[in-house]
1. Take the conditions of a type in the set (Gly, Ala, Ser), surrounded by fewer than 16 Cβ atoms within 10 Å (Cβ to Cβ), under 29 Å from residue 91 (Cα atoms) and in contact with a Pro (Cβ under 8 Å, 6 or more places away or on another chain) and apply them to residue 48. Does it pass?
2. In segment 1-30, what residues are exposed (fewer than 13 other Cβ atoms within 10 Å of the Cβ), at pLDDT below 85 and more than 24 Å from residue 103 (Cα to Cα)?
3. From the list 118, 110, 88, 92, which residue is over 21 Å from residue 23 (Cα atoms), surrounded by 10 or more Cβ atoms within 10 Å (Cβ to Cβ) and modelled with pLDDT under 75?
4. I'd like the full set of residues that are among the hydroxyl-bearing types (Ser, Thr, Tyr), part of a loop (DSSP other than H, G, I, E, B) and touching a residue at least 40 places away in the same chain (Cβ under 8 Å), limited to segment 28-75.
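The values are calculated or read from the model by the stated rules, or taken from the named source; none is laboratory data. Computed from a predicted model, the values in this text were never measured in an experiment. Backbone-built Cβ (ideal geometry, glycine too); neighbour counts: all protein chains shown.
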Amino acid sequence: MRDLVNLSQSTVVTGPDAFCLSARDGSLPLHADHSLGPYLDDCRHLRGHELRVGGRPLRLLVADDIVGTVAIYELTNPNVALADGGELGMRLLAARAWWVPNGACVEAMLRASGLRVLERPGHEMWLCERV
């Protein structure tokens, strides 16, 4: 049975035919039975995704999905032991991630859904046929 998703603890990005539901830090947990991920035509195209430094997940500073079509995540590193015995101190790295499907991502999702792109008649427009 899939774990229930608390929408108040997640980020949601929507587009005309696709949406992405992720954990608040932008991750899609690798070792959990969940329904998070990017969807196109009710089909999930990615089940797991996590950013890590030194094998440890990044820490969430702030997340914003208020616009609904873009999600912004600001993440930083935890303390990480280095191979030379030193340590990468917390918050020495910062990452800002945006999840907006670009043209290549949309075309990959279309192909994965059994469609072939015939042409692009306009901005963010794809004319397709079923394969």
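1. So residue 48 fits the description; yes.
2. 1, 2, 3, 4, 6, 7, 8 - these are the residues of segment 1-30 that are exposed (fewer than 13 other Cβ atoms within 10 Å of the Cβ), at pLDDT below 85 and more than 24 Å from residue 103 (Cα to Cα).
3. 92
4. Residue satisfying the conditions is 69 alone.
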